[in-house]
Amino acid sequence: MGLAPTIAMAADCDLAGAGKTQCAGATATGAFATAVGNLANAAGINSSAFGNSANAAGAYATAVGNLAKAIASGATGVGASANAAGTNSTAVGKGANATQTNASAFGTGAYATGVASTALGRSAIATGQSSLAVGDRSNAAGSYATALGARSSA
């Protein structure tokens, strides 16, 4: 007894035009875009949206998860309500937010809102330019600041 290929589980999928794939309730309008999931939207060129109301609006963007968003070029949002809004930004985790260019947020509720900032850990916050916050509820607010450890600040 073999397992059916994963793609067989998406029985309501079809081509939405040259190089586009969409499934029932999903919309793929970008060239070479793929949208899978109820109300999933892949509007950017070469974008991919997977999950209920996932939105990949930016070119080369990827949104995976319930209400995940990747709305800027090269953005990646993975997890329920993850939000990657900056160019080349990455948000991974439930409610993670990366809102500026080259920002990265990893962890539940992590926020990277400074340009080129990185937040790692639950509710970590990196607001300064090129700042780094590592640890539960750490906060790096100054430009080029580094906060290491739970509840640390810089």
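The values are calculated or read from the model by the stated rules, or taken from the named source; none is laboratory data. Quick caveat: nothing in here was measured; it's all calculated off a predicted structure. Note that we place each Cβ from the backbone using ideal geometry, even for glycine, and neighbour counts take in every protein chain shown.
Just so you know, in the stretch 138-154 the residues that are among the aliphatic types (A, V, I, L, M) and in a loop (DSSP other than H, G, I, E, B) include one that is nearest to the chain's Cα centre (by Cα), and it is Ala141.
Being at pLDDT 95 or above, buried (at least 21 other Cβ atoms within 10 Å of the Cβ) and aromatic (Phe, Trp, Tyr) is a property that holds for Tyr111.
Within the stretch 80-96, if we keep just the residues that are in a loop (DSSP other than H, G, I, E, B) and of a type outside the set (A, V, I, L, M, F, W, C), the residue that is surrounded by the most Cβ atoms within 10 Å (Cβ to Cβ) turns out to be Ser89. All told, Thr34 falls short of being in contact (Cβ under 8 Å) with a residue 12 or more places away in the chain and within 29 Å of Ser152 (Cβ to Cβ). Among the residues of the stretch 1-53, which ones are among the hydroxyl-bearing types (Ser, Thr, Tyr), at pLDDT 90 or above and in a loop (DSSP other than H, G, I, E, B)? Matches in the stretch 1-53: Ser47, Ser53. Of all residues in the stretch 47-64, none satisfies the criterion of being closer than 14 Å to Ser89 by Cβ, of a type in the set (S, T, N, Q) and surrounded by fewer than 24 Cβ atoms within 10 Å (Cβ to Cβ).
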